1. Being modelled with pLDDT of 95 or more and assigned by TED's automatic domain parsing to the domain that holds His150 is true for just one of Lys102, Lys43, Lys63, Lys49. Which residue is that?
2. Give me the pairs: first residue in the range 159-172 and over 19 Å from Lys140 (Cβ atoms), second residue away from the ligand (no atom under 14 Å from the Cβ), beta-carbon distance under 6 Å, and six or more apart or on different chains, which are they?
3. Could you tell me whether His26 is in contact with a His (Cβ under 8 Å, 6 or more places away or on another chain), open to solvent by 40 Å² or more (accessible area, probe 1.4 Å) and outside any loop (DSSP other than H, G, I, E, B)?
4. Within the range 9-16, is there a residue that is within 16 Å of the ligand (Cβ to nearest atom) and at pLDDT 95 or above?
5. Examine the range 23-36 for a residue that is of a type in the set (A, V, I, L, M), away from the ligand (no atom under 16 Å from the Cβ), more than 15 Å from the chain's Cα centre (by Cα) and at pLDDT 95 or above, and state whether such a residue exists.
6. Which of the residues belonging to the range 135-163 are among the charged types (D, E, K, R), touching a strand residue (DSSP E or B) at 6+ places or on another chain (Cβ under 9 Å) and either more than 16 Å from the ligand (Cβ to nearest atom) or open to solvent by less than 30 Å² (accessible area, probe 1.4 Å) (or both)?
7. List every residue pair whose Cβ atoms lie under 7 Å apart, where the two residues are 6 or more positions apart in sequence or sit on different chains, the first residue falls within the range 19-41 and is touching a residue at least 60 places away in the same chain (Cβ under 8 Å), and the second residue, located anywhere, is near the ligand (Cβ under 10 Å from one of its atoms) and not charged (D, E, K, R).
8. Could you pull out every one of the helices (runs of 4 or more DSSP H) wholly within the range 56-134 that has 3 or more residues that are of a type in the set (A, V, I, L, M, F, W, C) and within 16 Å of the ligand (Cβ to nearest atom)?
Amino acid sequence: MFELPKLDYNNSALSPIMSEQTLDLHHGKHHQTYITNLNNFIKGSEYEKLSLEDIIKKSSNEKKAGIFNNASQHWNHNLFWKCMKPNGGGNVPSKLENKIKKDFGGFEKFREEFINAGVTQFGSGWCWLSLKEDKLVVTKSPNAENPIIHNMKPILGCDVWEHSYYLDYRNKRPAYLENFFDKLINWEYVDSLL
Ligand code: MN3
C-alpha cells in the first residue's frame, strides 16, 4: 500500500509563488487520487510486492496504462515536492553548478533550456533535468511519463499539468516556470541526487 508523503513545508509556505489553495488541491487531492488508484489497480496482483520504480518499468513494458500512469505520477510528484522549498532558487551548490556549466555550456543556457522544455510540452506533462549515463540532460514528457523508462535518472522535475499552475498563473505557463525556477527550486536537494 502506497501512502501520500507528507510535505517538508506547510501548504501556505510557498505562497505567493505557489498558493496554499494550489497545494491543498494538488497534493491533497490530485496526488492522493493517483495513490488511491494505484493501490486499487495493484491489489492482489503480482505488482503488489514490487518497488515503485519496478512497478513503473514493468507496467511500461507490459503496456498496462492504468498502473503505469498512476505509479509514474506518484513517483513524479514525490520528486516535485522535494525539489521545492520556501525561499528556494538562488545559489546552486558548487558540485551541481559546475556539472551544469560543463554539460550545458553555462547556467543561463540550462535555465533557458529547462524553462523552454516546460513551455513547449504540448498539453499535460513534465520537464526534467536528468542524468543520462554521466551527462545532465533536459527533456520533456507527456502526461505521466517518467525518464526512468528511458534509462535516465531524473534529479529535478516540474509539473506542467494545468492543475499545477492554473489557479495562480491562469494560462501563463512561462511565468509559472520562471517563478518555479527562480524562487522555488531546492537546489541542495537536487544536488544531493547527483
Ligand atoms: Mn500534478
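The values are calculated or read from the model by the stated rules, or taken from the named source; none is laboratory data. Computed from a prediction, not measured in an experiment: that's the story for all the values here. Every residue, glycine among them, receives a Cβ derived from its backbone with ideal geometry; neighbour counts consider all protein chains shown. The area values use the complete protein model at the heavy-atom level, side chains included, leaving out ligands, DNA and RNA. Shrake-Rupley method; radii C 1.70, N 1.55, O 1.52, S 1.80 Å.
1. Going through Lys102, Lys43, Lys63, Lys49 in turn, the sole match is Lys102.
2. Leu167/Gln21; Asp168/Ser19
3. Answer is no for this residue.
4. Looking through the range 9-16, at least one residue is within 16 Å of the ligand (Cβ to nearest atom) and at pLDDT 95 or above.
5. no
6. Selection gives Lys153, Asp159.
7. Leu25/His163; His26/His163; His26/Ser164; His30/His163
8. Once the helices (runs of 4 or more DSSP H) in the range 56-134 are filtered for at least 3 residues that are of a type in the set (A, V, I, L, M, F, W, C) and within 16 Å of the ligand (Cβ to nearest atom), what remains is 65-82.
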